[in-house]
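The values are calculated or read from the model by the stated rules, or taken from the named source; none is laboratory data. Bear in mind that the values here come from a model prediction, so they are computed numbers and not experimental data. Methodologically, a virtual Cβ is constructed for each residue, glycine included, from the backbone with ideal geometry; neighbour enumeration extends over all protein chains shown. Please note that ligands, DNA and RNA were not included when accessible areas were found on the heavy atoms of the full protein model with its side chains. Shrake-Rupley method; radii C 1.70, N 1.55, O 1.52, S 1.80 Å.
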Amino acid sequence: ASDVYKRQKQMFDRRTGIVSAIVMTFFYYQIIYSRVAWLWIFVPFLALFTIWFYFKGEREGRPEWFVLAGAFMGINLYFYNAAKMLPFVFAAYWIFLLMSPKYRKWLISNTGFLIVFVLASLAVFGPMLQYIWEFPQQYFARINSESAIKSNYVVLSLPFLNFLVHQSVKTFQMFLTQSSWYGYNNYPLVPLLDLSLIH
């Protein structure tokens, strides 16, 4: 939490740092996945460094910070598929800057830094991209097996959307009020953890 406070204070301000540290202290997702020590926990950890180096580069206008941000982005993409949302977060951020008259000029004048950031990410993640190109079936096997699109529903139909909403609600409840069917996602002190129920 203290590290989160320092990083958020540097990137934004003291208030953001305090709120972020408080949220991280009690954030169930963080507690569960750090407890089981899976690779998933590296996704927010490496994303934090990616964002921190990126904003440090924005403030100081030095290319080395963008190189480091890109390198951490590339490393993060190796750990878990959820990390692949981070490039889209940056893309949305750049679109926001482009749409804002206040920041558009900065974005255009610093396009070189953004290219350095992207190229550094590609350089680090490049070997995996080659593997994906050569062995797509192996790489996407897990995604395909878990994909809702492979269900019996027609994509974007009412039953399909109902299925997605139902699963999203169950996942949301898992972090707040109910236990997951998966043992490693257990919410503390709920029936799934009650050993007396195991026969």
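What the table below lists for this structure:
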quantity	calculated
Residue check for TYR54: in a helix (DSSP H, G or I) and under 30 Å from ALA141 (Cα atoms)	no
Those residues of segment 146-184 which are at pLDDT 65 or above, open to solvent by 80 Å² or more (accessible area, probe 1.4 Å) and not in a loop (DSSP other than H, G, I, E, B), in sequence order	GLU146, LEU158, ASN162, VAL165, HIS166, LYS170, PHE172
Every residue from segment 93-107 that is of a type in the set (A, V, I, L, M) and more than 18 Å from ILE51 (Cα to Cα)	LEU98, MET99
Top-ranked residue of segment 35-44 - restricted to ones that are surrounded by fewer than 16 Cβ atoms within 10 Å (Cβ to Cβ) and in a helix (DSSP H, G or I), ranked as modelled with the lowest pLDDT	ARG35
Top-ranked residue of segment 71-80 - restricted to ones that are assigned to a helix (DSSP H, G or I) and under 9 Å from VAL43 (Cβ atoms), ranked as least open to solvent (accessible area, probe 1.4 Å)	ASN76
Any chance LEU114 is out of contact with any Cys (no Cβ under 9 Å at 6 or more places or on another chain), open to solvent by 60 Å² or more (accessible area, probe 1.4 Å) and at pLDDT 90 or above	no
